[in-house]
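The values are calculated or read from the model by the stated rules, or taken from the named source; none is laboratory data. Treat the numbers as computed from the prediction; the structure is a model and nothing was measured. Here the Cβ positions follow ideal geometry from the backbone for every residue, glycine too, while neighbour counts run over all protein chains shown. Heavy atoms of the whole protein, side chains included, go into the accessibility calculation; ligands, DNA and RNA do not. Shrake-Rupley method; radii C 1.70, N 1.55, O 1.52, S 1.80 Å.
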Amino acid sequence: METDRDVSRRGFLRAAGVGAAGATVGAGATTPALAQEAPYDGYLSDVDNFDGTTADMTGQGEVTIAVGAEGNGGGFAFDPPAVQVDPGTTVIWEWTGAGGQHNVVDEDGAFESELTDEEGFTFEYTFEEERVFKYFCQPHKGLGMKGVVAVGDTAEQGGGGSTATPGSEDGDGGDGGGGGGGQPDFGGYLDDVGNFDGSVVDARGQSEVTVAVGAEGNGGNLAFDPPAVHVDNGATVVWEWTGEGGAHNVLDEETDGEEFGSELTAEEGFVFEHTFEEDGRYNYYCQPHKSLGMKGSVVVGTDFPSVGGGEGGDGGAGPSDLPGAAKTLSVATMFVLVATLGLAYVFVKYGGNYDPEA
């Protein structure tokens with residue numbers, strides 16, 4: 001026989017269950033919908049001067065793109081970042097002189113310019129094949145200095161352009177041709193380097209990399225440019241003197257020049273090179289100007305100190321944080337469950353007739 005007490009308990013538990021489900025749905029409603037796939041397979045998703053629009057340059061025999069335009073936190077953009085042209089069109093990249101040294105490198109290796117900061121310098125390429133060409137500036141790719149040339153009726157399509165750096169064996173190496181150990185940790189070594197913005201130039205896939213000695217920075221021509229570079233094991237770094245800022249040298253930090261170290265000179269065009277055969281992080285400095293911030297670092301291979309962990313390939317990353325919507329959902333669900341169990345206990349014990357004054 002069913003009593004009023006049984007009905008009260010079942011009715012309460014049924015209502016509480018509906019309330020919990022409603023709270024869960026309500027919390028879940030704050031979760032944003034999945035975004036649709038971005039144009040060009042999302043290649044330009046981190047390019048802050050790209051608003052999703054491809055400039056229609058069809059019908060023109062020549063098209064000019066600025067190199068070192070304002071964007072991505074400085075003169076680190078191509079403008080326009082995405083253009084559509086006809087087959088047979090010649091694209092001319094013209095340097096503004098801003099943002100330091102730039103180059104133009106096709107993701108698939110179809111074309112590559114020299115690396116320069118010369119204002120008015122131009123590089124051109126005639127596009128005959130009807131497909132999407134994705135390209136970047138090697139020193140500033142990590143900042144979002146990338147672009148797209150869509151040839152023919154391919155605008156906003158993703159076809160063409162691998163994500164491998166020229167020199168890598170296939171397209172599986174991501175942005176740099178080889179596995180990575182996460183974000184390099186310099187242990188504060190570059191904190192006082194005026195031209196270091198936290199980014200590391202990804203030069204993996206290159207057998208030889210050049211670093212300027214006596215570049216603009218730290219209150220004069222007292223900098224290495226780029227100050228931080230990531231290379232493959234076996235790559236050779238070539239330091240080349242600009243002839244500015246007085247006499248400079250290159251000495252590795254750990255052994256004060258015993259592992260690698262150059263002579264002290266102010267000679268323009270002087271070069272010193274070292275081939276890095278072991279993975280790791282190699283900090284170095286210019287002895288006369290170290291206190292002014294003339295320091296640099298070479299990250300080699302995949303086994304190096306990384307943010308969030310020590311030496312190793314996984315970067316020592318811990319569990320990732322839950323998104324905000326998921327946290328809201330979890331808190332709301334837990335609250336409802338606790339409240340439900342508490343009230344259920346009252347109904348089970350007192351049959352719905354609990355009187356706090358009793």
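A simple spin-label model places the labels of E254 and L341 5.3 nm from each other, with each point 7 Å out along Cα-to-Cβ. Computed in the context of the full set of protein chains, the accessible area of the range 177-310 at 1.4 Å probe radius has 41% of its extent on carbon or sulfur. Taking each residue as 0.36 nm, the span from D279 to D153 lengthens on full extension beyond its C-alpha to C-alpha distance by 40.9 nm. Calculated FRET efficiency, L264 and E62, Cβ-Cβ r, R0 35 Å, to nearest 0.05? Given R0 = 35 Å and the Cβ-Cβ separation, E is 0.15. Once the chain from S291 to E118 is taken as fully extended at 0.36 nm per residue, the excess over their C-alpha distance is 59.3 nm.
Please calculate how many Å² of accessible area the range 199-312 carries per residue, with a 1.4 Å probe and no DNA, RNA or ligand atoms counted.
41 Å²
Roughly how big is the range 210-290's charge dipole about its Cα centre, with Cβ charges of +1 (Lys, Arg) and -1 (Asp, Glu), in debye to the nearest 20? Magnitude of the dipole: close to 320 debye. Ordered by solvent-accessible area of protein heavy atoms (1.4 Å probe), largest first, the residues L190, L222, L343 come out as L343, L222, L190. Between I92 and E129, the simple spin-label model (points 7 angstrom out along Cα→Cβ) gives 2.5 nm.
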